[in-house]
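Data block below; observations after.
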Amino acid sequence: MHAAHLAGKVALVSGVGRSPGIGRATALRLARAGAHVACAELVGDSGSADTGSADRALFDRIVAEVEDAGPGEVLALPMSELGGWDRVVDSVLTRFARLDICCALNGVTGAEAGNGPLIELTADSWQRCLDGNLTASFALMTEAARALIGRGSPGAIVALSSHAAQSPAAGVGAVGAARAAVQHLVAVLAQELAPHGIRCNAVSPLAVLPEDRFANPGLVAFAERAAGSLSAWLAEGVPLGRGQSADETAAVVEFLCSDDASYVTGVTVPVAGGAR
């Protein structure tokens, strides 16, 4: 991929302000590649992993970083509630008159959003997990697909899954089920959208390391249950023996958005350091 391989393209990226930072890293990569980037995020006065929201001040700082990253324009789309993806896509079309790429990188984790033993989950926690990790992805991907079909030109859609979707583990069954459903949606959408020249794929990260602005408490808690500490779990459970940066997943998202992936559709790419 050359430096400006997405010049003139319009990319919508959801989840730019949520942990563990994959959305932010993706928006920065697409901006550096020359794309106009619309940054969407559910925001509040203080972010919460359990609701999937981001701190408004953090969101504003990330938008400013994306603006500084590349030559294209940036559109900030803070959301007051999860949903309304038709309005989000309409805002992108109003600003740029086109849409080429959609990265549905939204998600939610936490004790009130599906984490914990399945038999102990409340109905509200289960539903919040499905809303944030599955339904939001479905709604955004299909809304973007309709916009791409309406424009009548090829495009790319990339969704966020999780290693939990293919590796059953105690305590993350709800998230794993929701993300496994995302992978199935991607596979079916790829078939349905192929006649329109629209590709649909997903990425499945495993162990994005915490950083100052983006904690990853779910990963840390899981690792401590499994091996006593994050470092021990990485050494034992990941063949590469280390965690990953958010940018290492974003790099795969960028590839799937690019013409270099022009014959890749309907797949979920594991970004898991060799873990099975």
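General remarks:
- Sorted peptide list for 15-24, 30-39, criterion being average Cβ within 10 angstrom, highest first: 15-24, 30-39
- Beta bridge orientation in the chain: antiparallel %, DSSP, nearest 5: 5 percent
- Shape summary: the chain maps onto an equivalent ellipsoid whose semi-axes, from the alpha-carbon gyration tensor, are 28, 19, 19 Å in decreasing order.
- Principal axes of the stretch 166-272: Cα extent on each, largest first, Å: 49, 27, 26
- Measuring nothing but protein heavy atoms, the accessible surface of the chain at 1.4 Å probe radius is 54 percent carbon and sulfur.
- Residue among Ala156, Ala227, Ala40 farthest towards the positive dipole end of the chain, charges placed on Cβ: Ala156
- In this structure, the amide hydrogen of Ser53, modeled 1.01 Å from its nitrogen in the peptide plane, lies closer than 5 angstrom to those of Ser48, counting only residues at least 5 positions away or on a different chain.
- Once the chain from Ser153 to Glu248 is taken as fully extended at 0.36 nm per residue, the excess over their C-alpha distance is 31.3 nm.
- Across the stretch 218-259, the convex hull enclosing all Cα atoms gives 75 Å³ per residue.
- The shape of the stretch 1-155 comes out prolate: with a ≥ b ≥ c from the C-alpha gyration tensor, a/c is at least 1.5 and a/b beats b/c.
- Exposed GluC sites (Glu not before Pro) absent: longest stretch of the chain, with sites in DSSP loops and at most 16 other Cβ within 10 Å deemed exposed: 82-210
- Stokes-Einstein D in µm²/s, Kirkwood radius over Cα pairs - the stretch 176-229 at 10 °C with 1.306 mPa s viscosity: 116 µm²/s
- Heavy atoms of the protein chains alone define the surface here; on that basis the chain has 42 Å² accessible area per residue at 1.4 Å probe size.
- Of all DSSP beta bridges confined to the stretch 1-101, the antiparallel ones make up roughly 5%.
- In order through the stretch 150-162: 3J(HN,Hα) via Karplus (6.51 cos²θ - 1.76 cosθ + 1.60), integer Hz, x for Gly, Pro: x, 6, x, 9, x, x, 9, 10, 10, 10, 9, 10, 7
- Label positions at Asp90 and Val264, each projected 7 Å from the Cα along the C-beta direction, are separated by 3.5 nm.
The values are calculated or read from the model by the stated rules, or taken from the named source; none is laboratory data. Only a predicted model underlies this, so the values are computations on that prediction, with no experimental measurement involved. Cβ coordinates were reconstructed from backbone atoms using ideal geometry, including for glycine residues, and neighbour counts include every protein chain displayed. For the accessible areas, the whole protein counts, side chains as well, though only heavy atoms, and no ligand, DNA or RNA atoms are used. Shrake-Rupley method; radii C 1.70, N 1.55, O 1.52, S 1.80 Å.
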